[in-house]
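Please treat every number below as a calculation from the coordinates, not as lab data. Note that the coordinates shown come from a computational prediction; the quantities given were computed from them, not determined experimentally. Note that each Cβ is placed from the backbone with ideal geometry, even for glycine, and that neighbours are counted across all protein chains shown.
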Amino acid sequence: MPGLLAVLALVMGTVKVDRPAARPPAPRPSAVARITVPRPVARPPVVPRSKWLDTSSAREQPPPRYDDRVVAVFIHHTDSPNGYDCADTPRIIRDVYAGQTGAKDWDDIGYNFLVDRCGTIYEGRAGGADRPVTGAHTQGFNHRTAGIAAIGTFTAGSAVPKAMTDAIARLVAWKLGLAGVDPRGTVRLVSSNSLSRYSAGTAAVLATVSGHDAAFMTSCPGAALSDRIPEIRDLAARYQGR
């Protein structure tokens with residue numbers, strides 16, 4: 001028996017030494033986004049990019065890149081005027097596209113989707129609204145995520161239209177439902193870029209529905225819209241039947 005106890009002590013000591021001390025603590029199981037079976041939600045109407053993009057001035061771009069699934073969503077605002085007529089939304093998106101592919105020299109608009117004040121959802125980045133397109137919306141966390149931009153500026157005190165937040169919630173419910181992800185949960189994502197809030201290679205536990213500022217040093221999506229994110233999470237979960 002003494003010999004057996006000594007062997008067991010040695011094994012336990014070895015396991016303890018080999019455990020990686022630098023690994024971030026695992027979140028509570030109840031808080032982690034559970035990627036299980038798809039949770040089908042009716043796809044909301046999405047206006048295709050062909051309805052806003054002027055093909056004669058569109059930038060030549062490489063083929064779209066894809067991830068295996070979308071497990072989180074980042075909410076943004078476009079930091080543009082709020083008092084627009086929704087009939088002008090295609091022009092506004094073209095302006096966003098021109099700014100990102102012009103001065104910023106991106107190959108396409110960064111957001112996967114854009115939502116206007118009337119609750120109309122527009123396809124943003126090329127590759128297919130139904131597919132897990134890799135965007136360019138959240139530095140360090142573009143993989144396995146979708147970027148949804150609310151068209152307008154939503155700093156503190158700004159009105160956030162209910163039609164807009166309802167449409168965002170429906171879009172979130174649908175995109176995360178494809179991977180069976182609970183909009184109220186959290187997910188572990190690994191930063192790919194040290195310009196984010198987390199150095200490259202760092203695993204961060206983030207809400208499955210987060211504001212841009214959760215992962216990047218920015219005031220986006222604005223305090224007013226940030227205050228509505230908990231409501232968006234809860235409504236998206238209800239749309240999923242949770």
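Quick rundown of the values:
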| item | result |
| --- | --- |
| Tilt relative to the chain, helix 223-239 - C-alpha long axis, 0 to 90 degrees, to 10 | 70 degrees |
| Trypsin sites (Lys or Arg not before Pro) restricted to DSSP loop in segment 36-131 with at most 10 other C-beta within 10 Å | K104 |
| Placed amide H near S194: partners under 5 Å, 5+ positions off or other chain | A200 |
| Equivalent ellipsoid semi-axes - Cα gyration tensor, segment 190-242, angstrom | 25, 15, 5 |
| Centre separation in Å (Cα based) which lies between segment 106-152 and segment 79-100 | 14 Å |
| Value of Rg to Rh for segment 87-183 (Rh from inverse mean 1/r over Cα pairs, i.e. Kirkwood) | 0.96 |
| Label-zone membership for segment 91-111, site D54, 7 angstrom Cα→C-beta point, backbone N under 15 Å | 91-102 |
| Spread of Cα-to-Cα distances over 10 Å intervals beginning at zero, given as percent, for the chain | 7, 30, 34, 15, 6, 4, 3, 1, 0 |
| Mean Cα-pair separation over length for the chain, i.e. relative contact order, pairs under 8 Å, 6 or more apart, % | 25 percent |
| Built amide H within the under 5 Å cut-off of A146, gap 5+ | A72, V73, F74 |
| Equivalent ellipsoid semi-axes, segment 128-242, via Cα gyration tensor eigenvalues times 5, rooted, Å | 22, 18, 12 |
| Acute angle (nearest 10 degrees) that the helix 162-177 long axis makes with the longest principal axis of the chain, alpha-carbon atoms | 40 degrees |
